[in-house]
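One structure is given here, and the rest of the page talks about it.
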Amino acid sequence: MQTIKKLSSHLLLAALSSGILFFSGTAVVAAQSNVTIYGQVDAYVAGVKTIGQEQRTWAQGGGGMQTSFLGIKGTENLGGSLRAIFMLESYYRPDTGGAGRYNGDAFFSRGAYVGLQGDWGSIKLGRIATPYWISTISFNPFGSSFVFSPAIYQSYFGNGSVAAPLLGDSAWSNSAMYTSPTFSGFTANVLYAFGEAPGDSGKKKMGGNLMYNQGPLAATLAYQEVDFSATPGDLGPAFDKQRAVFAGVSYNFEVAKIFGHFQQLDNKLSSGDLKRNSGQLGVSVPLAGGSVLASYAYMKTTGTTENNRRSWALGYDYPLSKRTDIYSAYYRDSVTGLSAGDTLGFGIRHYF
């Protein structure tokens with residue numbers, strides 16, 4: 001009888017121990033993975049006169065300082081320093097409620113990838129923001145604004161006579177990217193987008209950047225190459241390849257943060273070469289609880305088309321809280337031989 005009691009006691013103790021381990025293990029697994037929903041809403045009212053037009057249009061738009069988006073991201077601890085990572089980000093237009101930046105834009109056009117991360121860096125597969133894009137938006141006071149930033153206009157917008165200078169969008173589909181660990185403030189990124197055509201070595205894209213950020217000083221050097229195998233492209237005539245180089249620097253003096261960059265775009269077209277050299281200087285100055293933003297950019301185009309482009313902007317951004325800010329800005333854009341365009345607007349942005 002005593003033996004049976006001892007056996008029962010041991011079985012009960014084992015069962016309780018197993019249960020504790022089971023629930024404890026479940027809690028550990030739950031703690032090792034997480035998913036976050038985030039994004040931001042940006043809407044503005046502005047009067048817009050595009051280059052070469054005389055009439056101004058007043059409208060309520062979406063994404064004055066930053067294009068609105070919704071994101072989901074997560075990580076899972078796989079043991080040691082190894083983690084699985086994923087991200088899905090979708091642009092949307094708060095002025096109409098429409099998905100994407102424009103009709104026909106992919107649902108997760110801002111980014112969609114899965115990857116692995118560890119002490120050795122990270123590898124991502126999917127649709128990924130280009131290192132060149134990250135360098136561009138990091139070294140001007142208006143960031144990624146497609147409404148007020150001279151740096152963005154002179155890289156991603158047409159100038160009235162020729163379409164968008166920089167080819168390939170701000171994120172590339174069918175791509176793989178490696179990001180290094182940070183060493184003494186330096187981080188490197190390398191991105192390759194596959195052509196995905198049998199026996200076709202063209203239509204591929206590759207690029208990368210080196211970023212430095214330590215203390216008040218930040219700097220970058222970026223390169224990308226887009227190969228379309230003489231397919232008619234965004235520049236108008238058929239072209240073979242575009243090579244782009246970007247160098248940027250910023251320094252925070254506390255009383256003001258200055259920005260500068262130089263960019264060179266070299267296009268190989270069937271009708272000849274088309275080159276664009278551009279530079280931008282900007283400053284962000286703390287004032288009355290907010291920031292005064294100013295930027296000037298100049299681009300010279302030579303080759304099959306020749307013109308000069310001058311763009312400048314002045315704005316003020318005021319935070320109402322850590323997640324909400326209001327802003328007002330004026331942007332002016334001029335190209336040789338065309339009447340100047342400008343934009344005057346006011347907006348609200350909220351992060352969540």
If you average the alpha carbon positions of the stretch 84-125 and of the stretch 272-342, how far apart do those two centres end up, in angstrom? 27
Hull surface divided by four, with the convex hull built on the Cα atoms of the stretch 66-163: how many nm²? 8.1
If I ignore ligands, DNA and RNA and count only protein heavy atoms, how much of Met87 is accessible to a 1.4 Å probe, in Å² to the nearest 10? 30
Efficiency of FRET from Cβ geometry, Val114 and Tyr298, R₀ 41 Å, rounded to 0.05: 0.50
Sorted by average packing, counted as other Cβ atoms within 10 angstrom per residue and highest first, what order do 276-285, 118-127 take? 276-285, 118-127
Label point 7 Å out from Glu196 along Cα-to-Cβ: which residues of the stretch 164-185 have amide N under 20 Å? 167-178
How much net charge surrounds Asp317 when only other residues with a Cβ under 13 Å from its Cβ are counted (Lys, Arg +1; Asp, Glu -1)? 0
How do 134-145, 244-255 rank on mean C-beta neighbours within 10 Å, highest first? 134-145, 244-255
In whole percent, how big is the carbon plus sulfur part of the accessible area of the stretch 272-320, probe 1.4 Å, protein atoms only? 61
Cα extents of the stretch 31-79 per principal axis, largest first, Å, are 62, 18, 10
Within the accessible area of the stretch 67-209 (1.4 Å probe), percent carbon and sulfur: 60
Between the modelled labels at Lys268 and Gln214 (7 Å from Cα along Cα→Cβ) the distance in nm is 3.7
Quick one: if you stick a label point 7 Å off each Cα along the C-beta vector at Phe253 and Trp58, how many nm between them? 3.9
Which of the residue pairs Lys49/Lys205; Lys124/Lys257; Lys124/Lys275; Lys204/Lys268 have a Cα-Cα distance greater than 24 Å in the structure shown? Lys49/Lys205; Lys124/Lys257; Lys124/Lys275
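The values are calculated or read from the model by the stated rules, or taken from the named source; none is laboratory data. If you're wondering where the values come from, they're calculated on a predicted model, not measured in any experiment. Neighbour counts are summed over all protein chains in view; Cβ atoms, including those assigned to glycine, are modelled from backbone coordinates with ideal geometry. Side chains included, ligands, DNA and RNA excluded: accessible areas come from the protein's heavy atoms. Shrake-Rupley method; radii C 1.70, N 1.55, O 1.52, S 1.80 Å.
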